[in-house]
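Reading through the structure tokens given below for one structure.
Here, each number is a calculation from the coordinates, and none is a lab measurement. Since we're looking at a predicted model, the values are computed, not measured. Here the Cβ is made from the backbone with ideal geometry for all residues, glycine too, and neighbour counts use every protein chain on show.
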Amino acid sequence: MYEFEQNYYYLCNPNKIRFMKFRGLYLILLVITGLYFTSCNSTGGKEEKISTDLVKNPNTAGGDKNAGALPAFKFEEIDHDFGKVIQGESVSYEFKFSNTGKSDLIIVDVSTSCGCTVPSFPRTPIRPGETGAIKVSFNSAGKFGFQAKNILVVANTQPNTTLLRIKAQVTGPNSEK
């Protein structure tokens, strides 16, 4: 009688039969997945070296103390006020700079504090004495009142970050400028 009850249980629960049938397959897939995720970052015993020829930082343990050989930013202006801006209007400004250092200036990244502010910057090295510009566009759609946004410039300078700022007074579309 016991065998009948057991067979009846499996006939009434087809999912249990399916699980038992594919239990070995599930186990194999689990092992393969585990091996894949643990071996992805393997270098096979070889260490990858990153070239430090372009970035010279005197604040590293093995770095030279010759900070005068580093590139340096000289911005004409680090803060810009757009004044009154009508809501929905897009405005732009170029932060002009020159490389006053003694080696090539490389801008690694420019990030903003809000998605409404979009930067564009030179992707090529700026030689000593040359000039460049970081263009920042501010879209006032969905904004109202006083707006202040930060732009963080990361480069191979000392210090490696420079903070630029824009601000605007966003007014309604029916307000006078």
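Cut-off is 10 Å between beta-carbons; in what order do 165, 127 appear when sorted fewest neighbours first? Show your work: numbers first, answer last.
Details: 165 16, 127 11.
Neighbour counts put them in this order, fewest first: 127, 165.
Would you mind checking the pairs 102/167; 96/143; 96/149 and listing those with alpha carbons more than 25 angstrom apart? Write out the running numbers ahead of the final one.
Details: 102/167 33 Å; 96/143 27 Å; 96/149 18 Å.
Cα-Cα > 25 Å for 102/167; 96/143; rest within.
Taking Rh as the Kirkwood radius, which is the inverse of the mean 1/r over Cα pairs, what is the Rg/Rh value for region 70-171?
Values: Rg = 14.3 Å, Rh = 14.0 Å.
Reported Rg/Rh, Kirkwood definition of Rh: 1.02.
Over all alpha-carbon pairs of region 89-141, lay out the pair-distance distribution in 5 Å bins, whole %, shortest bin first.
Histogram of Cα-Cα distances, whole percents per bin: 5, 19, 25, 21, 13, 10, 5, 2, 0.
Label points 7 Å out from Cα along the Cβ direction at residue 81 and residue 135: separation in nm?
2.6
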